[in-house]
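Below is one structure, written out as structure tokens; comments come after it.
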């Protein structure tokens, strides 16, 4: 398990204190829960256990425990108009005392383990759901490294999130007129999630990937790139109301990729 230096621990403590002081007015944050809101905008599921080269499967099983604990704090949360959803505001610090176990984390340019590791999968789920809703992303941190090759990928590259208690957060604001809800739960094989709303907005959201490629620089480093777009589709007519550019992704690849020239499309 990762061992933080004294300098790092002091730096982390100061950043966490600063974030607490910046949190703002409590009632602006979503804390209330409710039974299912009537309209489901999106359902998604992601596999819990993945075989990753060089990673002890114990960390994967521990991740399931961590996701279950965090999910209980998030499931059924409602975000009223004007409110902000904060992952860490709901989950709190993932400590051993609360039952969290060592899980996989990204540390520097590699992987390690720490208490509460693996919660990035929860952040990934919530971020993906948010893109299929009227929520506005106000804080999101992305991975600058692509650590593992794809294994039955279900969503486009570049839709992941990096989180670290409490100052590397995932936050959304509800700027719509409807109340929005997240449902998250763990079953035997998957992390499941839904985003629901109090009234049908009359549109649906579709995420598309363009210009996906691997490229190699002059030093031989390989990078993965793409651009993500979102189509907002009118339900009644099927017409695309808007075509929005969301993110340009660029990440260093940390695994072997065959057949990459200086500029190579996938």
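Counting only strands (runs of 3 or more DSSP E) that sit completely within region 35-122, those holding 3 or more residues that are closer than 30 Å to residue 200 by Cα and touching a strand residue (DSSP E or B) at 6+ places or on another chain (Cβ under 9 Å) correspond to 39-47, 77-79, 84-86. Taking the conditions (1) touching a residue at least 24 places away in the same chain (Cβ under 8 Å); (2) surrounded by 12 or more Cβ atoms within 10 Å (Cβ to Cβ); (3) closer than 23 Å to residue 97 by Cβ in turn, residue 81 satisfies each one other than (3). What number of residues within region 55-78 are surrounded by 18 or more Cβ atoms within 10 Å (Cβ to Cβ) and modelled with pLDDT under 95? Total meeting the criteria: 1. Among the residues of region 103-120, those identified as out of contact with any helix residue (DSSP H, G or I) (no Cβ under 6 Å at 6 or more places or on another chain) and either buried (at least 18 other Cβ atoms within 10 Å of the Cβ) or under 21 Å from residue 48 (Cβ atoms) (or both) are 105, 106, 111, 112, 114, 117, 120. Within region 2-31, track down each residue that is part of a loop (DSSP other than H, G, I, E, B) and surrounded by fewer than 12 Cβ atoms within 10 Å (Cβ to Cβ). Matches in region 2-31: 3, 5, 24, 25. Return yes when residue 220 is more than 29 Å from residue 118 (Cβ to Cβ), at pLDDT below 95 and either in contact with a helix residue (DSSP H, G or I) (Cβ under 9 Å, 6 or more places away or on another chain) or outside any strand (DSSP E or B) (or both) and no when it is not. Taking the combined requirement at face value, the residue satisfies it. Taking the listed residues 14, 37, 52, 28, the one that is closer than 21 Å to residue 134 by Cα and at pLDDT below 95 is 28, with no other qualifying.
Condition first: out of contact with any strand residue (DSSP E or B) (no Cβ under 8 Å at 6 or more places or on another chain), without any contact (Cβ under 8 Å) to a residue 40 or more places away in the chain and assigned to a loop (DSSP other than H, G, I, E, B). Can you find one or more residues in region 154-177 that meet it? Looking through region 154-177, none of the residues is out of contact with any strand residue (DSSP E or B) (no Cβ under 8 Å at 6 or more places or on another chain), without any contact (Cβ under 8 Å) to a residue 40 or more places away in the chain and assigned to a loop (DSSP other than H, G, I, E, B). Being surrounded by 15 or more Cβ atoms within 10 Å (Cβ to Cβ), in contact (Cβ under 8 Å) with a residue 60 or more places away in the chain, at negative phi and out of contact with any strand residue (DSSP E or B) (no Cβ under 7 Å at 6 or more places or on another chain) is a property that does not hold for residue 129. When restricted to residues that are closer than 25 Å to residue 112 by Cβ and either in contact with a helix residue (DSSP H, G or I) (Cβ under 8 Å, 6 or more places away or on another chain) or surrounded by fewer than 16 Cβ atoms within 10 Å (Cβ to Cβ) (or both), region 165-177 contains 5. In region 247-255 there is at least one residue matching the filter, namely being touching a residue at least 12 places away in the same chain (Cβ under 8 Å), assigned to a loop (DSSP other than H, G, I, E, B) and surrounded by 13 or more Cβ atoms within 10 Å (Cβ to Cβ).
The values are calculated or read from the model by the stated rules, or taken from the named source; none is laboratory data. Being a predicted model, the structure only gives us computed values, none of them experimental. Quick reminder, even Gly has a Cβ in these numbers, built from the backbone with ideal geometry, and neighbours come from all protein chains shown.
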